[in-house]
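Heads up: the structure comes next, in structure tokens.
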Amino acid sequence: MEVLQSSTPSSGLRHSSYPSRLASSKSIRLSFGPKSYRVSPLSSGLNLGKRRGNRLKVRCTTEGMEKRLVAGRKDESGGNFLEAAAGGKGAAFSLPERFKVAALMAAAMCLCNADRVVMSVAIVPLAAKNGWSNSFSGIVQSSFLWGYIFSSVIGGVLVDRYGGKRVMAWGVALWSLATLLTPWAANHSTIALLGVRTFFGLAEGVALPCMSTLSSRWFPTHERASAVAISMAGFHLGNVVGLILTPIMMWSTGIPGPFTFFSTVGLLWLTRWAFVVTSDPQDSPFISKGELRLIQEGKKKSLTRSNHKSPPLRHILSKLPTWAIICANITNNWGYFVLLSWMPVYFKTVFDVNLKQAAWFSAVPWGTMAVSGYVAGATSDHLIKAGYSLTLVRKIMQSIGFIGPGIALLCLNCANSPVIAAVYITAALSLSSFSQAGFLLNIQDIAPQCAGFIHGIANSAGTFAAIISTIGTGYFVQWLGSFKAFLTVTAVLYLVTAVFWNLFATGERIF
């Protein structure tokens with residue numbers, strides 16, 4: 001609502017002023033305590049309702065935030081007043097429903113990554129206890145991805161068919177159960193541990209397709225980058241939470257402690273998710289009419305509810321923009337999981353820091369990644385609002401997200417202290433978060449009706465790359481005694497994919 005502060009004495013809203021006369025006037029004056037404001041009903045989104053007695057109902061629906069206000073005549077002291085219908089002491093602010101959904105999604109994504117990271121820290125004492133080599137530790141860590149690679153496509157199809165709410169709920173419930181069972185499986189046998197971790201990955205594979213689809217349903221086009229940034233900020237903060245809390249809890253309660261804690265939090269999250277969120281804003285009993293109208297008018301018609309079926313897989317794979325997304329996902333996951341799985345081991349092996357120190361050095365980059373991811377989303381939305389094409393914005397964001405990390409990882413090979421290494425890793429991860437406003441959003445641009453399915457395809461390809469990189473790092477370190485060779489390979493992959501993306505990516509709808 002556009003509000004201009006008044007510099008003239010207040011005249012009040014007269015009892016004789018009817019809604020029609022107010023609506024036709026150029027402006028009306030409203031008073032909030034000692035301050036008064038002049039408001040244009042037509043430009044601000046004020047809906048003036050019926051007059052009842054000496055009070056007039058005013059509804060503000062601008063920007064999706066709806067307030068019911070009651071305007072009356074002068075009070076006994078001669079001043080004007082405007083009281084909220086609910087409280088009477090001023091207009092109460094209500095957080096738009098779509099941001100509540102984004103906050104709950106961010107919490108789920110935080111749990112998603114925290115549950116993964118627990119194993120990245122626990123692998124150090126487990127390997128020492130069981131006598132595992134670096135190469136076998138890589139196999140254990142990659143077992144999560146064995147299930148993840150299959151559930152990405154299946155989860156994408158399920159999300160497109162049954163909606164993000166239901167699929168996400170089942171995913172969190174099942175991966176929390178798998179997290180709880182992990183310490184038992186580790187004590188029972190290696191086969192049991194690999195089986196539980198595979199099941200864990202199978203359950204977590206639905207998280208990103210759910211996030212992508214819910215963002216496209218609940219947010220207008222010019223807010224989607226910020227919405228995804230909020231969710232992904234939770235995702236990256238999950239690394240921070242997991243890396244910091246896991247060593248502390250293991251030292252105080254033993255290895256099972258962090259697994260039990262995070263699984264319990266996941267089950268508590270479910271109780272809130274089940275009663276607040278819907279797969280589509282049109283089905284929400286809590287959303288206001290103004291906010292629903294804002295969502296529907298702020299996105300393309302193609303993103304509204306439809307029974308349109310997904311195109312055949314052959315047709316999807318015949319388009320180069322699809323392959324640009326797939327290649328971007330492969331490179332992103334390759335670099336992401338190398339750093340996620342091996343960062344604590346890297347600091348312990350290369351700089352001989354203890355596990356607690358390694359966790360702190362590893363946590364800092366993920367925290368900055370959460371902040372930079374939001375900056376990327378806000379910047380992307382600003383450029384789109386300023387009139388830049390989707391294609392150009394997606395290419396700019398993705399170029400930063402790949403060229404930046406590529407250069408940072410090459411510099412990491414020259415680090416001679418844990419502090420310098422942490423700086424380079426922080427730069428790599430912070431810049432890689434710009435990919436959230438690149439290929440991750442581009443899926444919704446080119447295929448709004450089957451975004452979950454295409455996300456699943458791309459994520460499965462990326463997961464396969466993550467398996468290779470996670471296991472490959474272990475073998476490279478064991479054979480060569482150094483991380484440098486694999487970091488160089490990863491850096492080159494970032495730079496080559498950036499070129500491919502800029503040649504073939506587009507922001508226009510393809511499917």
Going through region 107-142 in order, the residues found to be small (Gly, Ala, Ser), buried (at least 23 other Cβ atoms within 10 Å of the Cβ) and more than 17 Å from TYR346 (Cα to Cα) are ALA108, ALA114
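Hey, can you tell me all the residues within region 245-296 that are more than 19 Å from LEU104 (Cβ to Cβ), open to solvent by 40 Å² or more (accessible area, probe 1.4 Å) and of a type outside the set (Phe, Trp, Tyr)?
Within region 245-296, LEU245, ILE248, SER252, THR253, ILE255, PRO256, THR260, LYS289, ARG293, GLN296 meet the criteria.
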Over region 97-124, the set of residues under 18 Å from THR260 (Cβ atoms) and of a type in the set (Lys, Arg) is ARG116
Fill in: Residue within region 410-428 that is of a type in the set (Gly, Ala, Ser), open to solvent by 20 Å² or more (accessible area, probe 1.4 Å) and within 30 Å of THR221 (Cβ to Cβ) present
no
Per the filter on region 156-184, residues of a type in the set (Phe, Trp, Tyr) and open to solvent by 10 Å² or more (accessible area, probe 1.4 Å) are TYR162, TRP170, TRP184
**Message:** Going residue by residue through region 326-337, is there one that turns out to be modelled with pLDDT of 90 or more and more than 30 Å from SER482 (Cβ to Cβ)?
**Reply:** yes
For region 143-155, the count of residues that are under 10 Å from GLY452 (Cα atoms) and surrounded by fewer than 24 Cβ atoms within 10 Å (Cβ to Cβ) equals 2
Exception for MET211 within (1) open to solvent by less than 10 Å² (accessible area, probe 1.4 Å); (2) more than 23 Å from VAL157 (Cβ to Cβ); (3) under 15 Å from the mean Cα position of the chain (by Cα) falls at (2)
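The values are calculated or read from the model by the stated rules, or taken from the named source; none is laboratory data. It should be emphasised that the depicted structure is a prediction, and the values quoted were computed from it without experimental measurement. All Cβ positions, even for glycine, are placed from backbone atoms using ideal geometry, and neighbour counts span all protein chains on display. Please note that ligands, DNA and RNA were not included when accessible areas were found on the heavy atoms of the full protein model with its side chains. Shrake-Rupley method; radii C 1.70, N 1.55, O 1.52, S 1.80 Å.
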